[in-house]
Amino acid sequence: MIDYFILLTPVYVSFFWSIALFSRKLPARQFLSVFMLTVSILYFGHALYFYQNYAVFTWYDALYTLASLSVYPMFYIYLRLLTFELKFQRKHYKHFITPLIFFLIILGSTILMSKQERLDYYGYTMYSFPFESTTLIMKVKNIAYVSSRIVFSIQVLFYLFMSIRVLRQHSKQIREYYSNVDEKALLWIKTLIVIFAITSFSSIFINIISKEVFMQNFNMLIFPSLLFSCLLFMIGYSGLKQKQIATEIMFDKKIDAIGYKQEIQLSDNEIINNLKNAFELNMLHLDPDLKIWDVCLILKVSRLKLTNALRNELGCDFSFYVNKIRSSEVQKIISKGQAVNLTELVKKTGFDSQNAMIREYKKHYGKNLLSIITTV
């Protein structure tokens, strides 16, 4: 009995998060809720298969295939909703065309099969029992099933690559827009990508060795079941805590229009000289929430102009430039050789956390800050 309970653990976990994450105010969290519901449908199909429940699984097979081919596209779309898009868009439907086609083929084949054909097909796929004749409709369903497994393996690799690409694009974007990026860097997404990769390759492995291996040794199901349950719990918990950063970025980018209206024609070199003067006179780096748009309004240049000037003249992005100045402030303070309170040091240099200060100082000076300062 305990084995069956463990087998259903991914269903309990994902269904719990599908309820806990539902929110009309946050499209990304709401979509993650739908993702979790889809996952619960998928793992319930696993349970039916391994419980050898012929009567239900025969009809559930089409829904199971739809869910299995939808989870990875949904995870990718969820990442896009977090980082670049405010809500689910019409263009996202294309990711579900293939899953829907397989759903219709398998469902249609099941409906057209006679009771004996369904029994034979189930016995063949579940236990590899031979039968005397194979009808056309049975061949169609079998081809659809095998093809769906191949598509699933391709999906895993494709959407893993696309998810990593989204994360890199997001990281590049926030480094160009913000001085302190930790809050918007979605560092936990890197953990999710690792989780995604583990889940992906585990799924491919199970897909390759086939479920029949697990049918022969039911205890082998305990480890993947617990693994997927833990991964799903981490995804759900992280999603519950996470804001939809795309909303904040889109709100900030509205200032771009102001920058373009006020823009004066300056060369990249002139922009950088004005930038250096502005930081020196106004001590802009001491503002932990400093954004590129704040500087654009002072310099009367557009965000794009300032971004290009930083890249062309200094070979860096906005975050790197500001944090280099902050790190130099840290260096000035600790060079006096006096005991330093880390909390005060953070406030005096414009960083938003000790971790950010230590990381940026090491990036610019190549030294561990904690090892060279005396704290009080």
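A short reminder: the numbers here are calculations on the coordinates, not readings from a lab. Predicted model only: the values in this text are computed from it and were never measured. We place every Cβ from the backbone using ideal geometry, glycine too, and count neighbours over all the protein chains shown.
Ignoring lysines fewer than eight residues from residue 348 along the same chain, the ones with Cα atoms less than 17 angstrom from its Cα are 324, 332, 336.
Taking every alpha-carbon pair under 8 Å whose residues sit at least 6 apart, segment 324-376 reaches a relative contact order of 45 percent.
Between the alpha-carbon centres of segment 310-376 and segment 6-67 there is a gap of 47 Å.
Would you please classify the overall shape of segment 324-376 from the alpha carbon gyration tensor, given that a ≥ b ≥ c denote the square roots of the eigenvalues, rounded means a/c under 1.5, and beyond that prolate means a/b larger than b/c while oblate covers the rest? The shape class here is rounded. Cβ crowding within 10 Å, taken as a proxy for footprinting-reagent exposure, orders 334, 198 from fewest neighbours to most as 198, 334. What shape does segment 24-103 have by the C-alpha gyration tensor, where a ≥ b ≥ c are the square roots of the eigenvalues, rounded means a/c under 1.5, and otherwise prolate means a/b greater than b/c and oblate the rest? Here segment 24-103 falls in the prolate category. Descending by average beta-carbon neighbour count within 10 Å, the peptides 43-50, 76-83, 223-230 line up as 76-83, 43-50, 223-230, the highest first. Residue order for 136, 112, fewest other beta carbons within 10 angstrom first, comes to 136, 112. Ordered by the count of other Cβ atoms within 10 Å of each Cβ, fewest first, 351, 279 give 279, 351.
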